[in-house]
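The values are calculated or read from the model by the stated rules, or taken from the named source; none is laboratory data. Note that the structure is a prediction, hence the values are computed from the model and not measured. Methodologically, a virtual Cβ is constructed for each residue, glycine included, from the backbone with ideal geometry; neighbour enumeration extends over all protein chains shown.
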Amino acid sequence: MTDALKLPFAGEDRVRRLSANLKEPKWLLGDRLAAFKSYLDLPIETNNLFTLYVDLRLARFAEIDPYEETTEAPQVADVVPEGASALIEVAEDKVVARALSAEAKSAGVVIDTFANVLRNRPELLREALDGGTTLPANDKFAQFARSHSALGVLIHIPRNAALEKPIVVRWAAGEPGRGLVSRMLIDVGENASVSVLEEQLPTDSHAEAASETQPQSLWWGTTEVRLAEGANLNFAAQQDFGPNTLAFVNRHATLQKDAQLNWALASVGAQIHKSRIDNHLVGRGSGVRQVEIGFGGGRQLFDATSYTRHIGADTTGDLLSKGVFLDRARGYYKGMITIEKTARGTDSFLGEFAMLMSKQARSVTIPSLEIDQPDVRRASHASSVGPVDETQVFYLMSRGLPREVARKFIVLGFLEPVVSRIPLGDAQDRLRRLLEEKWPASTELDAIGKSEAAA
Amino acid sequence: MTLTQRQQVDNDRSRFDFKDEIVYLTETKRGLTRATVEEISALKDEPAWMLEFRLRAYEHFLKRPMPVWTDGLDRINFDKIVYYRKPSEREEKSWDDVPDQIKATFERLGIPEAERKFLSGVGAQYDSEVVYHSVKEELSKIGVVFMGTDQALKEYPDIFKKYFGTVIPPEDNKFAALNSAVWSGGSFVYVPKGVDVPLPLQAYFRINGENTGQFERTLIVVEEDAKVSYVEGCTAPIYATESLHVAVVEVIALPRSKVRYTTIQNWSNDVYNLVTKRAHAYEDSHVEWIDANTGSRKTVKYPSIYLRGRGASADIISVAVAGRGQHQDTGAKAIHLAPDTKSRIVSKSVSKDGGRATYRGQLKVAPGATGVVASVRCDALMLDDESRSDTYPYIDIQETDTTMSHEATVGKISQDQIFYLMSRGLSENEAQNLIVQGFLDVFTKELPMEYAIEFNRLVKLEMEGALG
């Protein structure tokens, strides 16, 4: 399994073509080529602790030809959705919507593609991107995105800007045999504050079941976050790609003094969802709160790695992962908290919890700690795996709920901590609906109930 | 602690730091070749199947790469090690027959007294061969076998062949392969059906001789409804160059048996201690590993229990103290292969003076193992900024109605606690000592009393000067 990542569509020629198609400056091509070299040199997993838990056997990369060119749709919609302050929407290889509220415009917020920004305000990108510090240097998947992205999105929030309503970023993918490799940079200035909602959806008509006969589709992207002193970002994501899509995600954040970051990430869709999150708590008093949920069925695999490095003094990390797995779904939750020598006064917690709903489902959790500084407020982790609590089911049944409804409520309640942190009411409801729809039909539930009664 | 008390403790420490001039009667050339393996087997006059087993293991050892998940092992120079050394021609039955010099060593360690008082049997390993051994008459009468592993191969060939290498095959890992190729000495315990061994069986192990590898092999077979407790403790003289200790311990707990295996590991700080310990627990049996590591330069050891029969249960307590230059890479594994099995893992580690304590554990619930209840608890105490503590738990659950919980915390001794104890008249060092002993209490209280005293003394020694 190790080092099995051979992407037939990776190559220096393609890197050069991608850069030329986007009319990129020399420094950016240079950065891509440096990334491509790293991509070639890196093993599929550099952390020996995790090498046994990488499994891409369900991916059929040979059938996929990622987009080499991305364009603006003939008609780019410019309507800000209700409750939001801005929207950018990409469907397959096209930017189909881009809208900024008056409030966002006057605050100096920029939301645009890298291509447009490079034409108008190249300085906004070069300082952040050149040298690759916004992605993990030891991650093959991140270096692939850095070298092969066909589209970039920048969200720039100037210092002291505060947007009350969230910015919506929407990605639609699912075209069989095609895929988008993209990057997203979120740069938040000093004391600025913003929330972002990322929605990953199936392109219309590609939401049907996973298929052996149809080529897979690919979505490969990043979220690269830079939070300046006192900056604040709430980032929520819902991944609901079709079951025939492979999703690869890197999320990487660097936090300066007193910056605060909230991740609320929900994964429901895709055949394989492989993600890695890196939080670098550099500045004194910075903090990250991260809640991740996965709800898998069929043969879905959620492979979620998370690294949190406490570097500055008095930093806080509060990380929580929750998974619910039906059918033959699997969750691999691999976490690592590092408390460096400089990080006195750290408060860090990592929790990984799972519920298995079927006999073929599997949960792997590896909540690790590496600690070089004992002067901590808290450094701990916890993990549990269990079935639905029968006492809770019994209690709800005594209140008149049928058994399967009671079980459903308990599972949805288990995932609710993430749902309730999605910033838009509509999006919250949509996620609740998605989770409910994922719940198997009552006939299957009867089967589960019976097998448990028998055991 | 007063100055005189402290001196006393220091003096105590010195009793572990001596080296005897022993005339070795037989030893193999440095380094490991096929010929070394053949020579060991020939010297021991072993049956053909054992030579085959050794050679198969040797071939696998050559092929198997060094593990990469822990560091520092590349510093072992396998060519500099003496793989077999026989200090005494035959196994001794009576204490009076033991050569004086070896006897003196054991007397400094206090073994005979303990034995005379109430121990049911002692096998003490001096380098690569069991030289002293006695089993109390009543134990022999009820059919309990407690002897050196080499001797058991000759005297109980059937039981031996049935179980040897079945729990840990040579192909299990590189060091199990090494041990299987060159093993020598160790204990063999056989407890027949329904026998409750009333006192703990004890074996002392010692490494003597620079660059001597010690490759003991222990096999414990406990028949249905039987019960036994086995205790091992180790000390070794301190040398400048690195010694190697690679042991394999196999425990077979047949249905409804109860087995407890206790280790106090206090190798000197130049020893690489790379040990594979595993038990197979059958239906309704109960296995306990009580494992403490205070010595060695590097210890790699994860006592494992494979719960193979319905209703089997496992308890593992793992304690590590890592001081200057030490890396304790220890932990535990519970592998649930059958329904209604239970496991509990408790790990406590202390790191100080730049030492590194790593907990590495695995909890696995295989498909079909329904109704499993498992818990893991890891606590780490770090005494200063130079030290390091890691926790690497692997939790792999493949059965829906598992109830599993895992918790870990890392912290330091709070100044409030120290201050409180000092206000009651303790010195800072004593206060710290007391808190560490309290932290490790979960382990100490599981020990036979004399060991508990000994262990507390070891911790005290380790703690000496922790506040510099």
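Of note, B:Val300 satisfies the criterion of being in contact (Cβ under 8 Å) with a residue 40 or more places away in the chain and of a type outside the set (S, T, N, Q).
Filter region A:50-77 down to residues that are of a type in the set (Phe, Trp, Tyr) and within 14 Å of another protein chain (Cβ to nearest Cβ) and give me whichever is surrounded by the most Cβ atoms within 10 Å (Cβ to Cβ).
Applying the first criterion (of a type in the set (Phe, Trp, Tyr)) to region A:50-77 yields A:50, A:53, A:61, A:67.
With the extra rule that they be within 14 Å of another protein chain (Cβ to nearest Cβ), the set shrinks to A:50, A:53.
Numbers: A:Phe50: 21, A:Tyr53: 19.
Per the stated criteria, the residue is A:Phe50.
Annotation: A:Tyr39 fulfils all but one of (1) touching a His at 6+ places or on another chain (Cβ under 9 Å); (2) in a loop (DSSP other than H, G, I, E, B); the unmet one is (2). On inspection, A:Thr113 fails the criterion of being surrounded by fewer than 19 Cβ atoms within 10 Å (Cβ to Cβ) and among the β-branched types (Val, Ile, Thr).
Could you list all residues from region B:384-418 that are among the hydroxyl-bearing types (Ser, Thr, Tyr), within 28 Å of the chain's Cα centre (by Cα) and either farther than 30 Å from A:Ser358 by Cβ or buried (at least 19 other Cβ atoms within 10 Å of the Cβ) (or both)? Show your work before the answer.
Narrowing region B:384-418 to residues among the hydroxyl-bearing types (Ser, Thr, Tyr): B:387, B:389, B:391-392, B:394, B:400, B:402-403, B:405, B:409, B:414.
Of the ones still in play, those that are also within 28 Å of the chain's Cα centre (by Cα) are B:387, B:389, B:391-392, B:394, B:405, B:409.
Matches in region B:384-418: B:Ser387, B:Ser389, B:Thr391, B:Tyr392, B:Tyr394, B:Thr409.
Taking the conditions (1) loosely packed, with under 14 Cβ neighbours inside 10 Å; (2) modelled with pLDDT under 95; (3) not charged (D, E, K, R) in turn, A:Asn47 satisfies each one other than (1). Close contacts from region A:130-152, counting a first residue that is closer than 24 Å to A:Val90 by Cα and a second that is assigned to a loop (DSSP other than H, G, I, E, B) and acidic (Asp, Glu), with Cβ to Cβ under 8 Å and a gap of 6+ residues or different chains, come to A:Ala150/A:Glu68; A:Ala150/A:Glu69; A:Ala150/A:Asp93; A:Leu151/A:Asp93.
You will find that of A:Ala266, A:Ala237, A:Ala247, A:Ala270, the residue that is touching a Lys or Arg at 6+ places or on another chain (Cβ under 8 Å) and either under 19 Å from A:Lys438 (Cβ atoms) or not hydrophobic (A, V, I, L, M, F, W, C) (or both) is A:Ala247 and no other. What are the residues in region A:416-439 that are buried (at least 20 other Cβ atoms within 10 Å of the Cβ) and under 17 Å from the mean Cα position of the chain (by Cα), if any? Once the filter is applied, which keeps residues that are buried (at least 20 other Cβ atoms within 10 Å of the Cβ) and under 17 Å from the mean Cα position of the chain (by Cα), region A:416-439 yields A:Val418, A:Val419, A:Ile422, A:Pro423, A:Ala427, A:Leu431.
Looking at region A:133-167, which of its residues are hydrophobic (A, V, I, L, M, F, W, C), farther than 22 Å from A:Arg16 by Cα and surrounded by fewer than 24 Cβ atoms within 10 Å (Cβ to Cβ)? Steps first, answer last, please.
Here is the first cut: in region A:133-167, the ones hydrophobic (A, V, I, L, M, F, W, C) are A:135, A:137, A:141-142, A:144-145, A:150-151, A:153-155, A:157, A:161-163, A:167.
Restricting the remaining residues to those that are farther than 22 Å from A:Arg16 by Cα gives A:155, A:157, A:161-163, A:167.
Passing the criteria: A:Ile155, A:Ala161, A:Ala162, A:Leu163.
Mind checking whether some residue in region A:48-57 is more than 26 Å from A:Gly177 (Cα to Cα), outside any loop (DSSP other than H, G, I, E, B) and without any contact (Cβ under 8 Å) to a residue 60 or more places away in the chain? I'd like the intermediate steps shown before the answer.
Within region A:48-57, the first condition is being more than 26 Å from A:Gly177 (Cα to Cα), and the residues that meet it are A:48-53.
Imposing the further condition that a residue be outside any loop (DSSP other than H, G, I, E, B) reduces the set to A:51-53.
Still in the list and also without any contact (Cβ under 8 Å) to a residue 60 or more places away in the chain: A:51-52.
Within region A:48-57, one or more residues are more than 26 Å from A:Gly177 (Cα to Cα), outside any loop (DSSP other than H, G, I, E, B) and without any contact (Cβ under 8 Å) to a residue 60 or more places away in the chain.
Looking only at residues in region B:340-383 that are facing chain A (nearest Cβ under 8 Å) and of a type outside the set (A, V, I, L, M, F, W, C), the one that is surrounded by the fewest Cβ atoms within 10 Å (Cβ to Cβ) is B:Pro367.
Screening the candidates A:Val80, A:Val95, A:Val117, A:Val76 for the property of being part of a strand (DSSP E or B), in contact (Cβ under 8 Å) with a residue 12 or more places away in the chain and within 25 Å of the chain's Cα centre (by Cα) yields one hit, A:Val95. Return the total of residues in region B:384-421 being of a type in the set (A, V, I, L, M, F, W, C) and at the interface with chain A (Cβ under 7 Å from one of its Cβ atoms). Selection size over region B:384-421: 5. So, A:Leu18, is that one under 21 Å from A:Phe248 (Cα atoms), at pLDDT below 95, of a type outside the set (Val, Ile, Thr) and not in a loop (DSSP other than H, G, I, E, B) or not? Taking the combined requirement at face value, the residue does not satisfy it. Summed over region B:36-56, residues that are closer than 15 Å to B:Ala177 by Cβ and among the charged types (D, E, K, R) total 3. So A:Val291 passes all but one of these: (1) crowded, with 24+ Cβ neighbours inside 10 Å; (2) within 17 Å of A:Val249 (Cα to Cα); (3) aliphatic (A, V, I, L, M). Which condition number does it fail? Unmet for A:Val291, out of (1) crowded, with 24+ Cβ neighbours inside 10 Å; (2) within 17 Å of A:Val249 (Cα to Cα); (3) aliphatic (A, V, I, L, M): (1). Of all residues in region B:302-361, those satisfying the criterion of being among the polar types (S, T, N, Q), under 18 Å from B:Thr263 (Cβ atoms) and in contact with a strand residue (DSSP E or B) (Cβ under 6 Å, 6 or more places away or on another chain) are B:Ser304, B:Ser318, B:Gln328, B:Thr330, B:Ser347, B:Ser349, B:Thr358.
For beta carbons closer than 9 Å, sequence separation of 6+ or different chains, a first residue in region B:57-73 that is within 26 Å of B:Tyr392 (Cβ to Cβ) and a second that is surrounded by fewer than 13 Cβ atoms within 10 Å (Cβ to Cβ), the qualifying pairs are B:Met66/B:Asp74; B:Leu73/B:Met66.
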